[in-house]
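Undergrad: Pasting a structure here, questions to come.
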Amino acid sequence: MLVLTHVIATGPHSQAIKANGFVFLSAQIPADKEGKLISGGVKAQVEKMIENTKMVLEQAGSGLEDVVKINVSLYTSRSYEAESEDRVERGDLLMM
């Protein structure tokens with residue numbers, strides 16, 4: 001089992017655990033490597049969370065192409081609309 005804890009300083013928890021060929025990620029937030037939240041609205045925050053997810057997956061020897069499921073928590077329907085539009089524009093993650 002591999003536990004990744006050093007990628008982004010977001011608190012005393014592991015960013016991911018790799019076991020039996022699977023990688024399980026903790027929630028990703030729109031933060032830089034020092035743990036500071038970025039600004040710029042929902043679209044910029046979603047981009048940062050995807051970038052952080054990609055970085056953690058790569059550290060575990062995986063990538064976005066291996067992702068089976070993503071749960072997204074947003075606070076307003078406006079945020080949901082912006083996040084959905086971003087996924088459509090990116091084309092690399094499927095909105096279910």
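Quick note: the coordinates plus some simple rules give every number you see, no bench work behind them. Since the structure is predicted, the reported quantities are computational estimates derived from the model, not experimental observations. Positions of Cβ are backbone-derived with ideal geometry, glycine not excepted, and every protein chain shown enters the neighbour counts.
Undergrad: Grab the other residues whose beta carbon is less than 13 angstrom from that of ASN52, score K and R as +1, D and E as -1, and report the net.
TA: With Lys, Arg at +1 and Asp, Glu at -1, the net is -1.
Undergrad: What list of ³J(HN,Hα) couplings, whole Hz, do you get for the range 18-24 from phi and the Karplus terms 6.51, -1.76, 1.60, once you set θ to phi - 60° and write x for glycine and proline?
TA: 10, 8, 6, x, 10, 10, 10
Undergrad: Taking H as built 1.01 Å from N, whose amide H comes closer than 5 Å to the amide H of ALA16, not counting residues under 5 places away?
TA: HN-HN under 5 Å from ALA16: LEU4, SER26.
Undergrad: Could you give me the ³J(HN,Hα) list for the range 38-44, computed from phi with Karplus coefficients 6.51, -1.76, 1.60 and θ = phi - 60°, whole Hz, x at Gly and Pro?
TA: Each residue of the range 38-44 in turn: 8, 10, x, x, 4, 4, 5 Hz.
Undergrad: Across the range 47-61, in residue order, what do the Karplus-derived ³J(HN,Hα) couplings come to in whole Hz, using 6.51 cos²θ - 1.76 cosθ + 1.60 with θ = phi - 60° and x for Gly and Pro?
TA: Listing the rounded values in order: 4, 5, 5, 5, 4, 5, 4, 4, 5, 5, 4, 5, 4, 8, x Hz.
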